[in-house]
Structure formats: structure tokens, C-alpha cells
Amino acid sequence: MSFSSVLPYFCRGKVVHGFGRGSKELGIPTANLAKEVVDHIPKDIPTGIYHGWASVDGGEVHKMVMSLGWNPFYKDKTKSMEPHLLHHFKEDFYGSTLSVCIVGYIRPEMSFNSVDELIAAIHSDMEVAKRELDKPENRMYRDDNFFHEKTPSSL
Ligand code: ADP
Ligand code: RBF
Ligand code: MG
């Protein structure tokens, strides 16, 4: 797709509280990024579902799947950027700095007839992400210097 020329896109910001819909209970917690980060996404990166890499507070870099947009199933009024990291965390990390590299587009955001269909779609996205991110041309971003930069504590 034409917009793939703007990918990969690197960004960093604080993890904030999201819509509180209990995504965690569905087994798919999403780390919502601060509004400043969402507002800075270039206009030529359309809303949709993406795969990439992410790390919490400069820690290990994990595969992620991310939703960018208005969550049509829930008809949200604010645009959100919410990665689900493919890693089991023992504790929440609200307030931490999340470093994200958006590598590739998976599909547009959609509405579904039931929450079960939404969950099934997300599970399928996770499989796509695992496979895509194992390709050398996508895996290389895991080792990018961006993930090792020292960042101001104000971030
Ligand atoms: P909210 O609506 O506040 O975003 P969620 O149910 O989406 O609530 O849970 C998100 C929180 O869960 C994140 O902010 C983070 O602290 C925590 N979390 C735990 N494991 C993960 C994970 N694998 N990926 C993303 N967030 C996770
Ligand atoms: N929400 C939608 O309304 N439509 C979608 O197609 C959709 N796809 C998603 C794909 C992934 C990989 C993730 C992590 C989330 C997706 N969501 C989608 C967002 C989901 O509705 C949201 O994370 C929860 O409602 C919590 O805000
Ligand atoms: Mg969330």
C-alpha cells in the first residue's frame, strides 16, 4: 500500500488509562498511549490494525499488535492508539514510558456483530503479527537503536 512508505514509524509516550472496558478480562489488555502521541501520528498513517515492536521503560522489546482509530465496534468519540504486547506482564504498567515501532499494516478497523467476533479477529491479528515479525525485514527493527536511547525522565 502507498502509505507503507511512512512505515516504520517510531514513537514514545506515557501509558494512560483507556476506556475501562475491561479488555484485560478478555485476555487482551491494550496499553493506551497519551493523547500527545496519538495527535502526532502523521495523517498519512490511516486508522487500522498494525503490527510492530514495543518496550516498557526501556526493557525487553516485544512483538505487538495495535489498534489505531475510533474502535467502530464501540463507536468511540476519541481516537486511540492501543498496543497489545505479546508478552505476559506480572503487573500493570500505567504511567510507564512505552516505546513503539509500527512496522506493518494488517487490516482496517471494523465493526462486528458480537464481542466474540471482535476477540476472534484480534486473535487472528496476533497470529499475523507473530508470523510477519519473524521475517528478517521486520525483525530487524527489534534491534533498532531507538529502543536503547536514553530518554528524558519527563517523557
Ligand atoms: P484500559 O482501558 O485502562 O487501557 P485495559 O484493560 O486495556 O485497560 O488494560 C490495559 C493495561 O494493562 C495497560 O495499561 C498495562 O498497564 C496492562 N497490561 C498488562 N499486560 C499487558 C499487555 N500484554 N499488553 C498491553 N498492556 C498490558
Ligand atoms: N476495535 C474495533 O472496534 N474494531 C476492530 O476491528 C478492532 N480491532 C482490534 C485489533 C487489535 C489487534 C486490538 C489490540 C484491538 C482492536 N480493537 C478493535 C480495539 C478494541 O475495541 C479495544 O482495544 C477495546 O475496546 C479497549 O479499548
Ligand atoms: Mg486499553
Residue in segment 14-36 that is away from ligand 1 (no atom under 13 Å from the Cβ), touching a residue at least 60 places away in the same chain (Cβ under 8 Å) and either surrounded by fewer than 16 Cβ atoms within 10 Å (Cβ to Cβ) or within 15 Å of the chain's Cα centre (by Cα) (or both) present: no
Residue check for Ile106: in a strand (DSSP E or B), away from ligand 1 (no atom under 14 Å from the Cβ), touching an Asp or Glu at 6+ places or on another chain (Cβ under 6 Å) and not acidic (Asp, Glu): yes
Candidates Val115, Val128 - the one that is hydrophobic (A, V, I, L, M, F, W, C) and modelled with pLDDT under 95: Val115
Every pair of residues 6+ apart whose Cβ atoms lie under 6 Å, when the first sits in segment 109-121 and is more than 15 Å from Pro29 (Cα to Cα) while the second is surrounded by 12 or more Cβ atoms within 10 Å (Cβ to Cβ): Glu109/Thr47; Glu109/Gly48; Glu109/Gly69; Glu109/Pro72; Ser111/Pro72; Ser111/Phe73; Phe112/Phe73; Phe112/Leu118
Count - residues of segment 13-49 that are of a type in the set (A, V, I, L, M) and away from ligand 2 (no atom under 11 Å from the Cβ): 8
Residue list for segment 47-63, filter: without any contact (Cβ under 8 Å) to a residue 60 or more places away in the chain and either part of a loop (DSSP other than H, G, I, E, B) or not aromatic (Phe, Trp, Tyr) (or both): Ala54, Val56, Asp57, Gly59, Glu60, His62
Of the criteria (1) assigned to a strand (DSSP E or B); (2) away from ligand 2 (no atom under 12 Å from the Cβ), which one Glu82 fails: (2)
Residue check for Ser5: modelled with pLDDT under 95 and either part of a helix (DSSP H, G or I) or surrounded by 21 or more Cβ atoms within 10 Å (Cβ to Cβ) (or both): yes
In segment 113-150, residue farthest from ligand 2 (Cβ to nearest atom) [restricted to those that are surrounded by 12 or more Cβ atoms within 10 Å (Cβ to Cβ) and polar (S, T, N, Q)]: Asn138
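The values are calculated or read from the model by the stated rules, or taken from the named source; none is laboratory data. Since the model is a prediction, treat every value here as computed from it, not as a measurement. FYI the Cβ positions are ideal-geometry reconstructions off the backbone, even for glycines, and counts take in every protein chain you see.
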